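Colleague: Got a structure here, written out as structure tokens. Questions coming.
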DNA sequence: TTACTAGTCAACACTGATGTTGATTATCCG
DNA sequence: CGGATAATCAACATCAGTGTTGACTAGTAA
């Protein structure tokens, strides 16, 4: 019942970070509705009252955590939001985006789950910065002559994003070694590449990528 | 505070069903960790004690609900589990499976979410009957000469299943008219078909499906 | 040093959840 | 009919969670 013995050394920034970190863990494990401030505070080694000092309410704590994750995700895949201009749009870049995404998702399965669930349950998912950037990269690529005609970009975005974030959950990323995780990422990106080459890309325009897949086409 | 006025007419089967139905609603809205027996009972118009008579514990109630959903899903896509033999495996059947799945997911976005989350959080996802059947259909098809070589079936299964269940959530299926939902299903299945034709299927073997997509291939 | 600011914490009041128990009574069956 | 069965419910004990308040004290600046 007693919360903690020794009084925490004073460092509000670090305290805030500790709370957010604990919130991420709890949120990933128990989901939005399963998060309690009490549990987060205990896990962070902080008095519950202190948590309420930093985040006025349970709801705000969740919100702040989700924002943190979205930002982290954005940076991992697209880099600094400040340099959001002059992004190239060739086929290789969509490929690079997916690879970064797959790697991040596998290394942070919990965060990916948080982001996905949070975006899905938000009233306007397309307000999320990461989603916007992902979709717009896709859209710019679609206008390219390298792209297959007739694609439904919204469907494809949802399909690929869902896949990227759910694959690590399925693959039990958290219970595996770094090497295994790396292998899982490889499997996923290879399959996505194979799929896109013959589904959303014109193979004849990406012979180099085609070769990387190592699939024989017996025609 | 007082739970109900008139005593419920005695009909244990119906009562059990009412509880399960309410549990599905709550589970879909608040997720596994957000479900409380109290809320379920109230929504079902049943005394909390009665709910505990039918399901010994909160955990068992959730389990029973998930099993119900899995069964419903299985039947919607594959039909009666009793006739699980002699299933054909041609390309058209994978296509039919995906169409049934897309329609079910769109008509029951809540149930789809329940299933997906439950399977993902279970310790052995591949124990789920629906998953097994889906994966095995896929696997049998993959051995067919109609299938593309070199596919990673596990990745593809996760990718497509995740997409099917998350698309309706994204598309806000619950807030749309029947007509709109139907249109959303069409969009999704068309795009999946287009994708598979040029990613997991050999187009030259499916000229009829190719025509249905209505995509011109300017070779 | 001293006074102030603010980060940290214990305790409080309250709400709602869990699982249990015993009373009530509809329904069934001999 | 009349007793047994079991479905339903109210009430109880217990515990966890929320948000608030005031006391304590580390750090800071005059």
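Colleague: Suppose we filter segment B:125-149 for residues that are at pLDDT 80 or above, exposed (fewer than 15 other Cβ atoms within 10 Å of the Cβ) and not in a helix (DSSP H, G or I); how many remain?
Modeller: Number satisfying all stated conditions: 2.
Colleague: Mind checking which residues of segment A:120-144 are touching a residue at least 24 places away in the same chain (Cβ under 8 Å) and within 14 Å of chain B (Cβ to nearest Cβ)?
Modeller: If the condition is that a residue be touching a residue at least 24 places away in the same chain (Cβ under 8 Å) and within 14 Å of chain B (Cβ to nearest Cβ), then A:121, A:128, A:131, A:134, A:138 are the ones that fit.
Colleague: Residue B:194: assigned to a helix (DSSP H, G or I), at the interface with another protein chain (Cβ under 10 Å from one of its Cβ atoms) and within 17 Å of residue A:194 (Cα to Cα), yes or no?
Modeller: On the way: assigned to a helix (DSSP H, G or I): yes; at the interface with another protein chain (Cβ under 10 Å from one of its Cβ atoms): yes; within 17 Å of residue A:194 (Cα to Cα): yes.
In short, yes.
Colleague: Here's another thing I want to ask about it. Whether any residue in segment B:88-100 is touching a helix residue (DSSP H, G or I) at 6+ places or on another chain (Cβ under 6 Å), over 26 Å from residue A:121 (Cβ atoms) and within 16 Å of DNA strand C (Cβ to nearest atom) is what I want to check.
Modeller: No, the conditions are met nowhere in segment B:88-100.
Colleague: Also, quick follow-up: Within the bounds of segment A:133-144, is there any residue that is more than 20 Å from residue A:31 (Cβ to Cβ) and within 13 Å of the chain's Cα centre (by Cα)?
Modeller: So the first thing to find is which residues in segment A:133-144 are more than 20 Å from residue A:31 (Cβ to Cβ), and the list is A:133-144.
Cutting the leftovers down to within 13 Å of the chain's Cα centre (by Cα) gives us A:133-134.
Looking for residues that are more than 20 Å from residue A:31 (Cβ to Cβ) and within 13 Å of the chain's Cα centre (by Cα), one finds at least one in segment A:133-144, hence yes.
Colleague: Of all residues in segment B:26-51 being touching a residue at least 24 places away in the same chain (Cβ under 8 Å), more than 10 Å from DNA strand C (Cβ to nearest atom) and more than 11 Å from chain A (Cβ to nearest Cβ), which is surrounded by the fewest Cβ atoms within 10 Å (Cβ to Cβ)?
Modeller: B:45
Colleague: Now for a separate question. Would you check if there is a residue in segment B:171-178 being facing chain A (nearest Cβ under 7 Å), more than 16 Å from residue A:196 (Cβ to Cβ) and in contact with a helix residue (DSSP H, G or I) (Cβ under 7 Å, 6 or more places away or on another chain)?
Modeller: Restricting attention to segment B:171-178, the residues satisfying the condition of being facing chain A (nearest Cβ under 7 Å) are none.
No, the conditions are met nowhere in segment B:171-178.
The values are calculated or read from the model by the stated rules, or taken from the named source; none is laboratory data. Predicted model only: the values in this text are computed from it and were never measured. Here the Cβ is made from the backbone with ideal geometry for all residues, glycine too, and neighbour counts use every protein chain on show.
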